[in-house]
1. Using only Cα atoms and rounding to the nearest 10 degrees, what angle (0 to 90) does helix 68-79 make with the longest principal axis of the chain?
2. Counting other beta carbons within 10 Å of each Cβ, put 109, 52 in order, fewest first.
3. As an exercise, use a Förster radius of 35 Å and the Cβ-Cβ distance of residue 24 and residue 107 to find the FRET efficiency, rounded to the nearest 0.05.
4. Checking a compactness column here: for the stretch 74-117, what do you get for Rg(Cα) / (2.2 N^0.38 Å), N being the number of residues?
5. Give me the angle, in degrees from 0 to 90, between the Cα long axis of helix 6-23 and the longest principal axis of the Cα atoms of the chain, rounded to the nearest 10.
6. By what distance, in whole Å, do the Cα atoms of the stretch 13-65 stretch along each of the three principal axes, largest value first?
7. Can you list, bin by bin at 5 Å, the percent of alpha carbon pairs in the stretch 48-103, starting at 0?
8. Report relative contact order for the chain in percent, whole number only (criteria: Cα-Cα under 8 Å, sequence separation at least 6).
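Computed from the coordinates by the stated procedures, all read-outs in this text should not be read as laboratory data. Given the structure is predicted, the values throughout are model-derived calculations rather than measurements. Neighbour counts run over all protein chains shown; Cβ positions are idealised from the backbone, glycine included.
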């Protein structure tokens, strides 16, 4: 079975957050799905710019936890563009056994509670 690599997990998280943003009426101005390139989404809603940082978090890590120092630097960057900054952590785990890696052949579970403003 093929274990998903970091980029594939990241893409999965991006799809989940992207669909959520779309469903909530956000217009994408920029999407960056490469690892270590931030923000992942630059989106517009109500004429206001939003920077959304997406992270794929595998079990047992908590998807709500984030690097505060990094996020503060992203917030400073966003303020230069008069943008709001959001963090979206997407928890992912193998649905058969949380301790096992996520593979392309098995189902996975998602722990995602939307984005939070920084």
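1. Result, in degrees: 40.
2. Numbers: 109 13, 52 25.
Neighbour counts put them in this order, fewest first: 109, 52.
3. Values: r = 26 Å, r/R0 = 0.74.
Taking R0 as 35 Å, the efficiency between residue 24 and residue 107 is 0.85.
4. Details: Rg = 15.9 Å, N = 44, 2.2 N^0.38 = 9.3 Å.
Ratio of Cα Rg to 2.2 N^0.38 Å: 1.71.
5. Once rounded, one gets 50 degrees.
6. 38, 21, 17
7. Going from the shortest bin to the longest, the percentages are 5, 19, 21, 18, 12, 10, 8, 5, 2.
8. Details: 216 pairs, mean separation 29.9, N = 118.
Relative contact order of the chain: 25 percent.
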